[in-house]
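Each value in this text was obtained by applying a stated rule to the coordinates, not by laboratory testing. All values reported here derive from a predicted model rather than from experimental measurement. So basically every Cβ, Gly included, is an ideal-geometry build from the backbone, and we count neighbours across all protein chains shown.
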């Protein structure tokens, strides 16, 4: 059976992607999450209520041993399974001025967004290569493309992920594996809940924050067979705030 | 495992999975050229070796392995270690 794995899939954009891919592409979903059991189970319920299938995999993508152990256990229990779609969505923010930034705020953000991509994707890509088909979608951010003041750590992590996306895409395209990045701007999630939408939307040409489901629509397309000729791209979804 | 058995098993999966003509395989023949390998194809070799012999090779194991004899030697060393 062929599966889609969404890291950081218990809430926000990750949840919307998990639900959308289950519904539109009919993949059984593997939802990775780090700690929020309640939110993860809600995601599972939403998918199952809509007729899909969802397995929760609890691990910290920043921890390579934890990541490998959970994925290996699942693969041993499901020897015929193939993870055909990987959505690297897990990420955190630790905003603040760079001059005051603590080492842990720098490293935590890079460990989850950037090393998490390595820990998960590197472990699964060999099997994807032998299967000669796959979709890898990395959730980056407008911050990783243009840079955002107060988010030097997050911008660095996402910017590095943009470069990794382009490089890996060239490396494995021959095996019908595409690698793309999706760069959302202001999207209504927990991550942006404390932002002043009224104030900020003035600088967004579309004049509103985006919905997680809109990002999920784009990711679902990239995860589908319809996107076969798109690889190494960074697709902005930001209401026109940056292009 | 006996050297001859290793050679036999290796040639068997190469002929089957890499669609190479058995007559083109000789100890001194160029591995990459004969099998028409690009860098990504090594992943298929690794998988075939693991399935056949139960040993896992990594990319750096192939450094300097440019002909079939060196390839047999590499597998023999791994299998018997």
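With R₀ set to 45 Å, the beta-carbon distance separating residue B:80 from residue A:70 gives a calculated FRET efficiency near 0.85. The mean sequence distance of close C-alpha pairs (under 8 Å, at least 6 residues apart), as a share of the length of chain A, puts its relative contact order at 20 percent.
With the convex hull constructed from alpha-carbon coordinates only, region A:96-228 shows a mean projected area of 9.2 nm² over all directions.
Each of A:208, A:11 was scored by other Cβ atoms within 10 Å of its Cβ. Listed from fewest to most, they are A:208, A:11. What the pair-distance distribution of region A:61-149 shows, using all Cα-Cα distances binned every 10 Å from zero, is 15, 41, 27, 14, 4, 0 percent. Site pair residue A:122 and residue A:226 shows an inter-label distance of 3.5 nm when each label is modelled 7 Å from Cα along Cα→Cβ. Shielding of peptide B:33-41 by partners, expressed as the average count of other chain Cβ atoms within 10 Å per residue Cβ, is 2. For chain A, the convex hull drawn through the C-alpha positions has a volume of 122 cubic angstrom per residue. Using only alpha-carbon positions in chain B, the gyration tensor eigenvalues give semi-axes of 17, 15, 12 Å once each is multiplied by 5 and square-rooted (largest first). Note on chain A: helix-only mean residue ellipticity at 222 nm, from DSSP H runs of 4+ residues weighted -39500 (n - 2.57) and normalised by residue number, equals -13500 deg cm²/dmol. Any chance you could check the Cα centroid distance between region B:1-65 and region A:172-219 for me, in angstrom? If you average the Cα positions of each part, the centres end up 46 Å apart. Label sites at residue A:104 and residue A:41, each approximated as a point 7 angstrom past Cα along Cα to Cβ, lie 2.9 nm apart. Given the options A:204, A:38, A:29, which has the most mean-square fluctuation in a GNM of chain A, springs set between C-alpha atoms less than 10 angstrom apart? Looking only at A:204, A:38, A:29, the largest GNM fluctuation is found for A:38. Put a dot 7 Å past the Cα of residue B:37, heading toward its Cβ, do the same for residue A:50, and the two dots end up 4.5 nm apart. Principal axis extents of the Cα atoms in region A:143-182, from largest to smallest and rounded to whole angstrom, are 39, 13, 10.
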